[in-house]
Amino acid sequence: MLYLYTLDQPERYLHLLRQTLPDEAVACWPQEVDAAAVTHAAAWAPPAGFFARFPNLHTVFVMGAGVDKLLQRTDVPDNVTLIRLTDAGMAQQMTEYCLYGVLHYQRQMDRYARQQQERLWNPLDTRLARDVRVGILGLGELGGKVALDLARLGYRVAGWSRRPRQLEGVRCLHGEAGLRELLPQTDVLFCVLPSTPETRHVLDAETLALLPADAALINAGRGSLIDEAALLARLDAGALRFALLDVFAEEPLPPTHPFWNHPRVIITPHVAADTVPEDAVQQIAANLHAQAAGLPLNGVVDRDCGY
Ligand code: NDP
Ligand code: OXD
């Protein structure tokens, strides 16, 4: 049996799962079921201890791309296969989110907004896409597509990953040295890394200082990627033009957080790329069929790497 837990549109997911998997028994929390019959779960952010009630659970489908919260839990035994969503409609949304920030920078919307407050009619220099250097941290399912899309639009794109990558039209760097090479040559930095012990505070006071004066930062990965105090200090000093932030160390962002009314910060509430129910269910179904047929699975989480 496949047991579903989501607070986001549970009826829609249940309907789609039953429609797509007519031969599979599917139930949805809080329905009471025979816990021993549950072999698979599809879940996003269930309460602590949720998975422990299913003694025969062997596969968890994560209904999102990031698995950081899941890997911190103690109720998912090591022998359970974790499968996350790969793209599933989120990559296009990430491109849109990143492009919004890049255009904000390139077309100087932050400066025009300030000029408008002063009723100031003052055309600023126009910058072409080919003169804007976009750096992308994370070249996986999401960052890889963002990099390719922006390169196709004419931006000068460089990207950074853990292992060497090759993407057409994108300058690909990796490892510690690659990050140090990329940052000083970046006008707009887009972070879409997973949260792992290695990526924690990858942007701290020292690495943020490698960005050129006037650069902009967009974070759609996870809040843990950035040392928020160091970012605030850079913004306060006017060393960064603006930060477009979708993810935070603490979510929801506490009402007293200085980001809220910082003139150089734009906040969105973790909406850069939403899970698309139809695509998510298609991916879960395809993996269930592949698993039953003994075929390779898509999106298996590497617990050792943390993503
Ligand atoms: P992937 O696993 O497909 O890609 C992760 C990328 O990060 C890979 O390129 C990987 O390198 C790179 N990476 C991981 N660790 C390191 C490291 N230590 N140093 C350098 N590069 C590293 O993930 P997705 O693209 O699917 O998703 C990325 C993240 O986006 C998610 O984990 C989640 O946190 C976030 N997200 C945010 C959403 C939002 O709405 N804000 C929505 C969806 C996801 P390599 O290629 O070598 O493996
Ligand atoms: C995800 C997210 O990881 O929504 O899918 O952040």
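The values are calculated or read from the model by the stated rules, or taken from the named source; none is laboratory data. In this text the structure is predicted, and so the values were computed from the model without any measurement. Glycine also receives a Cβ, built like all others from the backbone with ideal geometry; neighbour counts cover every protein chain displayed. Just the protein is used for accessible areas: all its heavy atoms, side chains included, with ligands, DNA and RNA removed. Shrake-Rupley method; radii C 1.70, N 1.55, O 1.52, S 1.80 Å.
Identify the residue in region 30-47 that is buried (at least 16 other Cβ atoms within 10 Å of the Cβ), of a type in the set (A, V, I, L, M, F, W, C) and under 27 Å from the mean Cα position of the chain (by Cα) and, among all such residues, is nearest to T59 (Cα to Cα).
A41
Condition (residue is under 19 Å from F248 (Cβ atoms), modelled with pLDDT of 95 or more, in contact with a Phe, Trp or Tyr (Cβ under 9 Å, 6 or more places away or on another chain) and in the same structural domain as P263 (by TED's automatic domain parsing)) applied to region 169-187: is it met by at least one residue?
No, because not a single residue in region 169-187 is under 19 Å from F248 (Cβ atoms), modelled with pLDDT of 95 or more, in contact with a Phe, Trp or Tyr (Cβ under 9 Å, 6 or more places away or on another chain) and in the same structural domain as P263 (by TED's automatic domain parsing).
Applying the selection to region 1-29, what residues are under 19 Å from N56 (Cα atoms) and open to solvent by less than 90 Å² (accessible area, probe 1.4 Å)?
Those that are under 19 Å from N56 (Cα atoms) and open to solvent by less than 90 Å² (accessible area, probe 1.4 Å): M1, L2, Y3, L4, Y5, E24, A25, V26, A27, C28.
Based on what the data block shows, is V276 within 16 Å of ligand 1 (Cβ to nearest atom), surrounded by fewer than 20 Cβ atoms within 10 Å (Cβ to Cβ) and aliphatic (A, V, I, L, M)?
Answer is yes for this residue.
Tally up the residues in region 27-45 that are away from ligand 1 (no atom under 14 Å from the Cβ) and either more than 25 Å from D279 (Cα to Cα) or touching an Asp or Glu at 6+ places or on another chain (Cβ under 9 Å) (or both), please.
8
Considering only region 55-69, state which residues are open to solvent by 10 Å² or more (accessible area, probe 1.4 Å) and more than 16 Å from ligand 1 (Cβ to nearest atom).
Residues satisfying the conditions are P55, N56, L57, H58.
Name the residues in region 289-307 that are in a helix (DSSP H, G or I) and either of a type outside the set (A, V, I, L, M) or under 30 Å from P197 (Cα atoms) (or both), would you?
Matches in region 289-307: H289, Q291.
Scanning for something open to solvent by 20 Å² or more (accessible area, probe 1.4 Å) and touching a residue at least 40 places away in the same chain (Cβ under 8 Å), does region 115-132 turn up at least one residue?
no
Filter region 179-204 for residues that are open to solvent by 60 Å² or more (accessible area, probe 1.4 Å), outside any loop (DSSP other than H, G, I, E, B) and farther than 25 Å from Q108 by Cα and give the result.
Result: R180, E181.
For (1) touching a helix residue (DSSP H, G or I) at 6+ places or on another chain (Cβ under 7 Å); (2) touching a residue at least 24 places away in the same chain (Cβ under 8 Å); (3) crowded, with 17+ Cβ neighbours inside 10 Å; (4) in a loop (DSSP other than H, G, I, E, B), each residue gets a yes or a no:
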{"position": "Y105", "(1), (2), (3), (4)": "no, yes, yes, no"}
{"position": "L139", "(1), (2), (3), (4)": "yes, yes, yes, yes"}
{"position": "K145", "(1), (2), (3), (4)": "yes, yes, yes, no"}
{"position": "A177", "(1), (2), (3), (4)": "no, no, no, no"}
